[in-house]
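The values are calculated or read from the model by the stated rules, or taken from the named source; none is laboratory data. Just so it is clear, the model here is predicted, and its values are computed rather than measured. Glycine also receives a Cβ, built like all others from the backbone with ideal geometry; neighbour counts cover every protein chain displayed.
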Amino acid sequence: MRKHRRITDEPTRADLAAIEDEWPLIEAELDLVNAEIAHIYAADRGGPTELDWRRLRRAEARVTRVAAELAARPVVRRKTRAKQVPRVDAAPSPAELAAIQAEWPLIAAELDVRPAPRRAVA
């Protein structure tokens, strides 16, 4: 019997874990956006100062550094509750074969369903 998943707009646990893993990069990019905004506003006050330029350069460098660190991290596979799909070339285990044999009459009955006869159109 299939279990039906409830469809929602909420993120899954895996989505939340991915966001948490990427949070340092997200935070660095937000700092870069804030530095760029301050740089744009400085143009209205006579141009950006040396401090504005420094803030922008440091924010850009931080984004680059954090992105490189994130890319260099090994991928951590988190356990999920979803059933993992077996490899196509993998042989089923004895327990899986027994389950298939137990369900085979139902599977065969579904395969044996014949289409309804069609009526001729005059």
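Observations, loosely collected:
Each row is one residue, and each column tells you yes or no for (1) modelled with pLDDT under 90; (2) exposed (fewer than 13 other Cβ atoms within 10 Å of the Cβ).
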position	(1), (2)
Thr12	yes, no
Ala17	yes, no
Asp31	no, no
Arg54	no, yes
Ala61	no, yes
Arg73	yes, yes
Pro86	yes, yes
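- All positions within the range 21-80 that are touching a residue at least 12 places away in the same chain (Cβ under 8 Å), aliphatic (A, V, I, L, M) and assigned to a helix (DSSP H, G or I): Leu25, Ala28, Leu32, Ala35, Ala38, Leu56, Ala59, Val63, Val66, Ala67, Leu70
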